[in-house]
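Chemist: One structure, pasted below without further comment.
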Amino acid sequence: MGARERRLLLDLLAPAPTTSVLDVGCGTGYFSSVLADAGLRVTGLDPDAAALNFALRRDPRITGVRGDAEALPFADTAFNAAVAMTSLCFCGRPEQALSELWRVSREAVVLGLLHRRSLLYWQKAGRGSYQGARWDQLSEVRAWAQSLDPRPVQIEARSALLLPSAGPLARWAERLSGIGQHSERLPLGGFLAVCLRRPAGEWHSLGAGAGAGAGAGQARTPGLRAGPLSAPIDTDRSGPSDGWGRADSHFESLT
């Protein structure tokens, strides 16, 4: 299941090496490490100090920033791209969070969402680690995108995880969905990945922008507790012991 999610993320992002990426709601850094493994310069942002602490200890390639998805502490177009993998599901104003991701990105934004039109929704919504999570559809993402400036020139969506289990039948369905192509396109998968792309003429190809990435952004919101972390955050709370944070909670429960 994790492999399907990783493949959807990287296929949609299609990043060039050294691309700078902001991982919003990075939790304990699962997808941040996926991006770093692809050779990208990754900044992870999360409001949870303990989870961010864990991410930085787990993967020293990640630059950590503590902050809020709805008021990102970075300058406009500070990164080549931004991703939010199952973190917008916990934002009270997802359209505002998307607007912020769009503002700090030069090329594209990729969202990983819990898909309301899925078997997973009917089995898991409101239960266990899914309590408090919002389930979305592509039509809602398109509605959020109406207020983006500039408007996306392309909105591409794919989904995976048709069956809400990790058994042999579920694995067979996922393999079948990938026959003859690189990524899954199951219409009713529980994991919905959406890529929004900026106009091609506005910037060069993904990864080509100069001076982007971790450290390029400047804090823009007075009083916001955020900033690059060169050392783990001091906190009285102990970090997650199993390596999974809020942003990865649906993956934990599926497995």
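FYI, it's all coordinate maths here, none of it is from the lab. None of these values were measured; they are calculated from a predicted model. No Cβ is skipped: glycine too gets one built from the backbone with ideal geometry, and neighbour counts run over all protein chains shown.
Chemist: Go through 138, 101, 72 and say which Cα lies farthest out towards the positive end of the charge dipole of region 20-144; charges sit on Cβ, +1 for Lys and Arg, -1 for Asp and Glu.
Modeler: Sorting the options by dipole projection puts first 138.
Chemist: A follow-up question, please. Please report the net charge: other residues with Cβ closer than 10 Å to the Cβ of residue 99, K and R +1, D and E -1. Intermediate results must be reported in sequence, preceding the final value.
Modeler: Details: positive: 93, 103; negative: 70, 95, 100, 149.
Net charge around residue 99: -2.
Chemist: Under the rule a/c < 1.5 gives rounded, and otherwise a/b versus b/c splits prolate from oblate, where does region 50-142 land using the Cα gyration tensor? Don't skip to the end; give the middle numbers.
Modeler: On the way: a/c = 2.21, a/b = 1.34, b/c = 1.65.
It is oblate, given that a/c is not under 1.5 and a/b is not larger than b/c.
Chemist: Can I ask one more? Under 11 Å from the Cβ of residue 155, count the other residues' Cβ atoms, weight Lys and Arg +1, Asp and Glu -1, and hand me the total.
Modeler: Working: positive: 142, 151, 197; negative: 156.
That works out to +2.
Chemist: Starting from the Cα of residue 96, step 7 Å along the direction of its Cβ; do the same at residue 137; then give the gap between the two resulting points in nm.
Modeler: Distance between the two pseudo-spin positions: 2.5 nm.
Chemist: Let me ask something else about it. Nothing charged except the Cβ atoms of Lys and Arg (+1) and of Asp and Glu (-1): what's the magnitude of the dipole of region 1-133 about its Cα centre? Round to the nearest 20 debye.
Modeler: On the way: 15 positive and 13 negative charges, 89 e Å.
Rounded to the nearest 20 debye, it is 420 debye.
Chemist: Give me a comma-separated list of calculated 3J(HN,Hα) values for region 37-47, in order, Karplus coefficients 6.51, -1.76, 1.60 applied at θ = phi - 60°, integers in Hz, x for any Gly or Pro.
Modeler: 4, 7, x, 9, 8, 10, 10, x, 10, 7, x
Chemist: Next question. Compare the Cα positions of 53, 22, 90 along the charge dipole of region 1-134 (+1 at Cβ of Lys, Arg; -1 at Cβ of Asp, Glu; about the Cα centre) and return the one farthest towards the positive end.
Modeler: Ranked along the dipole, the leading option is 90.
Chemist: For a quick check: with amide H placed at 1.01 Å from N, whose amide H comes under 5 Å from residue 117's, ignoring anything fewer than 5 positions away on the same chain?
Modeler: HN-HN under 5 Å from residue 117: empty list.
Chemist: How much length would be gained if the chain were fully extended between residue 154 and residue 18, taking 0.36 nm per residue of separation minus their Cα-Cα distance, in nm to one decimal? Could you put the intermediate results ahead of the total?
Modeler: Values: separation 136, 0.36 × 136 = 48.96 nm, distance 2.34 nm.
Full extension of this stretch gives 46.6 nm more.
Chemist: Something else about it: Out of residues 5 or more away from residue 41 or on other chains, whose amide H comes under 5 Å of its own, with H placed 1.01 Å from N in the peptide plane?
Modeler: Residues meeting the criterion, in which the H sits 1.01 Å from N, are 18, 19, 20, 21.
Chemist: Assuming 0.36 nm per residue, please report the length gained on full extension of the stretch residue 37 to residue 129 beyond their Cα-Cα distance.
Modeler: The span from residue 37 to residue 129 would gain 30.4 nm if fully extended.
Chemist: Residues with amide H under 5 Å of residue 87's amide H, sequence separation 5 or more or different chain, H placed in the peptide plane at 1.01 Å from N; which?
Modeler: Those lying under 5 Å, H to H, from residue 87 are 112.
Chemist: Right, here's the next one. Through the Karplus equation 6.51 cos²θ - 1.76 cosθ + 1.60, θ set to phi - 60°, convert the phi angles of region 103-116 into ³J(HN,Hα) values in whole Hz; use x for Gly and Pro.
Modeler: Once θ is set to phi - 60°, the couplings for region 103-116 become 4, 8, 9, 8, 10, 7, 10, 10, 10, x, 10, 7, 8, 5 Hz.
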